[in-house]
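The values are calculated or read from the model by the stated rules, or taken from the named source; none is laboratory data. This is a predicted model, so every value here is computed, not measured. Cβ coordinates were reconstructed from backbone atoms using ideal geometry, including for glycine residues, and neighbour counts include every protein chain displayed.
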Amino acid sequence: MTYVPVENRAGIQPIAQTNGALPSQYQVGQSQAFGQAHPLGTIVKAYDPIYGEGEFIYLLGVASTVVGSVVTWGGNTSGTPNYQTALAPATANLDEPLAVAMSANVAGQYGWYQISGQAVVATNGTLTAGAPVYLAGSGQLTTTQANGKQVLNAQSITATGTPAAGQAVVEIQRPFAQGQIT
């Protein structure tokens, strides 16, 4: 995936790049390769010649994130949004916004997460084309139906294995983990 921002803004961190913690000898803003490049929660649009246009949000990473990991990001600290990600668990009625990692953006790092468009997601190996998707745990999705675990605003486009092993393409429009208790 080679998403290129289509926004008319200078200095947008590349979509597939992770920015790490700022080394002590640098000041914020000195280098695009280190530290937080944008305010957390910033949203941009970008285009890929294969997957088309998508929308991306700038978030704080979590351990064990790989490209395609599905994460939650709706947390807060004392009522203030913290934009901290967590690998999406297979928890029923989770009621959290979801996004897809565009880089191996682990703890203490900053990067982009897809929130709309055709996203390449990690699967548990069981994802068929043209079906609703469900949380499978460890940042993965499945099309195996599970009560209370449906991902709203998401539909599988391909089966597991396309574009690569353990991945599939899912159309997302600001996806959200189901919150209703049945």
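Residues in the range 138-179 that are touching a strand residue (DSSP E or B) at 6+ places or on another chain (Cβ under 8 Å) and at positive phi: Ser138, Gly139, Asn153, Gly161, Gly166, Arg174. Is it the case, given these coordinates, that Val151 is among the hydrophobic types (A, V, I, L, M, F, W, C) and closer than 25 Å to Ala37 by Cα? Answer is no for this residue.
Among the residues of the range 7-35, what is the count of those that are modelled with pLDDT of 60 or more and either touching a Gly at 6+ places or on another chain (Cβ under 6 Å) or surrounded by 13 or more Cβ atoms within 10 Å (Cβ to Cβ) (or both)?
In the first step, residues of the range 7-35 are kept if they are modelled with pLDDT of 60 or more; the result is 7-20, 34-35.
Going one step further and asking which of them are either touching a Gly at 6+ places or on another chain (Cβ under 6 Å) or surrounded by 13 or more Cβ atoms within 10 Å (Cβ to Cβ) (or both), we end up with 12-20, 34-35.
Count: 11.
Please give the strands (runs of 3 or more DSSP E) falling wholly within the range 34-130 in which 3 or more residues are of a type in the set (Phe, Trp, Tyr) and in contact (Cβ under 8 Å) with a residue 24 or more places away in the chain.
Details: elements: 43-48, 52-60, 70-72, 98-101, 110-122.
Per the criteria, 110-122.
Out of Gly79, Gly41, Gly75, Gly108, I need the residue that is out of contact with any Ser or Thr (no Cβ under 7 Å at 6 or more places or on another chain), surrounded by fewer than 18 Cβ atoms within 10 Å (Cβ to Cβ) and either of a type in the set (Lys, Arg) or at pLDDT 95 or above (or both). Which one? Show your work before the answer.
Details: Gly79 fails: either of a type in the set (Lys, Arg) or at pLDDT 95 or above (or both); Gly75 fails: either of a type in the set (Lys, Arg) or at pLDDT 95 or above (or both); Gly108 fails: either of a type in the set (Lys, Arg) or at pLDDT 95 or above (or both).
The match here is Gly41.
Residues in the range 147-163 that are under 21 Å from Trp112 (Cα atoms) and of a type in the set (Gly, Ala, Ser): Ala154 alone.
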